[in-house]
Each structure stands twice: as structure tokens, then as C-alpha cells.
Amino acid sequence: MPLIKHFTNAEHLSSIYADGVLKLEGSNIEYMIRNNIEAIHPSGIPVNTLWKAMKMQYKLAGRYVWLTEETDVNCITAQRKFEKIAFVFDAEEIGAQRWMDVAKRIAFNSKKAGKLIKHLNDTARASGDDITKWWVVRHNVGIDKCIADVHATKMQIAA
């Protein structure tokens, strides 16, 4: 199985190390909602408004830890630029599945989900990402399974 990378904002490193896991997408916003923390997301959208949209997306398409075979990912910095750090894993070791396979199964079962997935995939492609190289995991991923230095340069990440 290939080596795949999860990219995250470098500002999140201390909390990732403290938790020992990469959490499912939206976990930071979910924490704010559950603890009644009013905030504005860096995109300028109130967190509670964003959470409502995210919950609908998760209901239709699922909620994941996202990874890629590529040496970078563009869609996560499409609205706001930040320093990205990569956690590198063996796909089999963490139970990752190819996004295209997962998306196909979901879209087959729901036209509404299929439309959402098409929109999300089109947005990612427009950002320059190759979604055929994307992988997903349906659970938190322990960083103890990480096999490469998260502070690696892009050239090292490619390894």
C-alpha cells in the first residue's frame, strides 16, 4: 500500500501531540459548539453557522480524516494561507480507503449525496488537487502510526 499524508495547519501541532491522534474533520469546530464557545471561523463565518453546514455534509457524505498520495494539498488553504505540516502513514496500517471508491459507493446510494460529492470534488480539482490520489479514514488516527517526520520539507514528504 502507498504512503499517504495528512496535511494540517502547523498551529494545531501542540493539540495533535497532546491528544495523540488526528481527529475527524470538523472536530475543533464541534468542540466549540459543544462547549458553547462563540467564535468566528478564519473564513469569516460564525462557527455555529459553519457547523450546521458541516453536519449536513457529514450526514450526506461522511466524516473522515483526509489523506493524499501527493506532496501537497491545495484545497485546505484555498481560503486562508497557513503553514502546512504533513503526517505520513502507510495506507494499510491505518485502514485507509481510496476516496474515489468511498465516494462512488455513497453516490450510488443517494443522488443528493452524489451531487454534494461532485461539488466537493470539483472544488478540490479547481484548487489543483488530484482527488484520485485522496484517501480517507472513518476514525481518528493515532499519530503513533506516523512513519515520517512531520517537520519534513516538501522534498522529504515526497518520500
message = Looking at the range 84-100 only, could you name the residues that are in contact with a strand residue (DSSP E or B) (Cβ under 7 Å, 6 or more places away or on another chain) and either surrounded by fewer than 17 Cβ atoms within 10 Å (Cβ to Cβ) or free of Cβ contacts under 8 Å to residues at least 40 places away in the same chain (or both)?
response = D90, G95, Q97, R98, W99
ask   = Mind checking which residues of the range 7-29 are within 19 Å of V88 (Cβ to Cβ) and among the β-branched types (V, I, T)?
value = T8, I16, V21
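Within the range 1-101, which helices (runs of 4 or more DSSP H) (wholly inside it) include 1 or more residues that are farther than 24 Å from G142 by Cα and modelled with pLDDT of 90 or more? Please lay out each step first, then the result.
Numbers: elements: 13-19, 27-34, 47-61.
Ranges flagged: 47-61.
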request  = State which residue pairs qualify: first residue closer than 15 Å to I76 by Cα and inside the range 33-50, second residue hydrophobic (A, V, I, L, M, F, W, C) in any location, beta carbons under 8 Å apart, and separation of 6 or more residues or different chains.
outcome  = H41/I29; H41/V47; H41/L50; S43/L50
task = Could you grab the pairs with beta carbons closer than 7 Å, sequence gap of 6+ or different chains, first residue in the range 115-132 and under 16 Å from E70 (Cα atoms), second one of a type in the set (F, W, Y)?
result = I131/W99
Residues satisfying the stated conditions in the range 58-73, i.e. without any contact (Cβ under 8 Å) to a residue 60 or more places away in the chain and surrounded by 15 or more Cβ atoms within 10 Å (Cβ to Cβ) = Y58, L60, A61
remark   = When restricted to A152, A113, the only residue under 20 Å from G20 (Cα atoms) and either out of contact with any strand residue (DSSP E or B) (no Cβ under 8 Å at 6 or more places or on another chain) or modelled with pLDDT under 95 (or both) is A152
query = Does A124 count as part of a helix (DSSP H, G or I), at pLDDT 95 or above and under 17 Å from G62 (Cα atoms)?
reply = no
request  = Select from the range 8-21 the residues that are within 20 Å of W51 (Cβ to Cβ) and touching a Leu at 6+ places or on another chain (Cβ under 9 Å) and list them in ascending order.
outcome  = T8
note = Within the range 122-133, the count of residues that are closer than 15 Å to R98 by Cβ and either of a type in the set (A, V, I, L, M, F, W, C) or buried (at least 18 other Cβ atoms within 10 Å of the Cβ) (or both) comes to 3
key: Hits in the range 17-46 (condition: over 30 Å from C146 (Cα atoms), surrounded by 11 or more Cβ atoms within 10 Å (Cβ to Cβ) and touching a helix residue (DSSP H, G or I) at 6+ places or on another chain (Cβ under 9 Å))   = I37, A39, I40, I45
inquiry  = Being within 27 Å of D90 (Cα to Cα) and exposed (fewer than 13 other Cβ atoms within 10 Å of the Cβ) is the filter here; which residues of the range 105-117 pass it?
reply    = R105
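The values are calculated or read from the model by the stated rules, or taken from the named source; none is laboratory data. Since the model is a prediction, treat every value here as computed from it, not as a measurement. Note that each Cβ is placed from the backbone with ideal geometry, even for glycine, and that neighbours are counted across all protein chains shown.
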